[in-house]
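Engineer: Got a structure for you, questions after.
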């Protein structure tokens, strides 16, 4: 069986939106969908300190959440291979364990708890920075329209991010917009330096085109536009996300000795208005 699209759910409306997005993604990629719900682990790990019915109640409620999620998917996509799993574990630990056998992880931006709320917390941001597979945080209305946007940093490795973005655009029949934001321009102006904005933009655009040309050759059917924006990357990408169906960014900030979620990715996760795919380095 091919590696599944894994989605976390807690039964909230936000989790339902993430579930719908994940199901559509699984269908596009012709992969199975695996739905996971995490329950509090302490009644299972320390049963002597929990009321006798606690674990049973949590299990029953979790199974109801999973059954409702599976029914929702199969009502819309009866042919999609769909499985469920109830785990008694902290949400971030369960999700990280799921990544070992997943193609991609999908979570909502917020919800009642567990998976759906974790992408706005420090634990989940750390998880996005360390996941071995793409993590998609479903924000906005998840509409099936608009461009796929990919933000690239010319000082970092760009190929994994571009590979994912080109494939996502190809699967959706969407145009891909490659965005590079350069905030140093404003800093130089404020410092009183004389700069040629037109020449800077022209030079950067050449570098951007050179970065995506090798990947474009593998996806000749994808329409591509590129854009150099002379402002802060979080602002540029968040604004671009307003009319996008998916925003793709890299996970790691390589300026630090240990891998971590880069500051741009961190900011975009909080402010984007469409689903955000965070792609790990290879």
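Quick note: the coordinates plus some simple rules give every number you see, no bench work behind them. Quantities reported herein were computed from a predicted structural model and do not represent experimental measurements. Here the Cβ positions follow ideal geometry from the backbone for every residue, glycine too, while neighbour counts run over all protein chains shown.
Engineer: Which FRET efficiency value, to the nearest 0.05, do you get for residue 97 and residue 175 by plugging their Cβ-Cβ distance into 1/(1 + (r/R0)^6) with R0 = 30 Å?
Structural biologist: The value I calculate is 0.25.
Engineer: Taking 22 Å as R0, compute the FRET efficiency from the Cβ-Cβ separation of residue 216 and residue 2 and round it to 0.05.
Structural biologist: With R0 = 22 Å, the Cβ-Cβ based efficiency is 0.30.
Engineer: Give me the one-decimal nm value for the distance between modelled label points at residue 59 and residue 77, 7 Å along each residue's Cα-to-Cβ direction.
Structural biologist: 3.0 nm
Engineer: What's the ranking of 209-219, 145-155 by average number of surrounding C-beta atoms within 10 Å, highest first?
Structural biologist: Ranked by mean Cβ neighbours within 10 Å, highest first: 145-155, 209-219.
Engineer: Roughly what would the spin-label model give for residue 223 and residue 243, points 7 Å off Cα along C-beta, in nm?
Structural biologist: 1.3 nm
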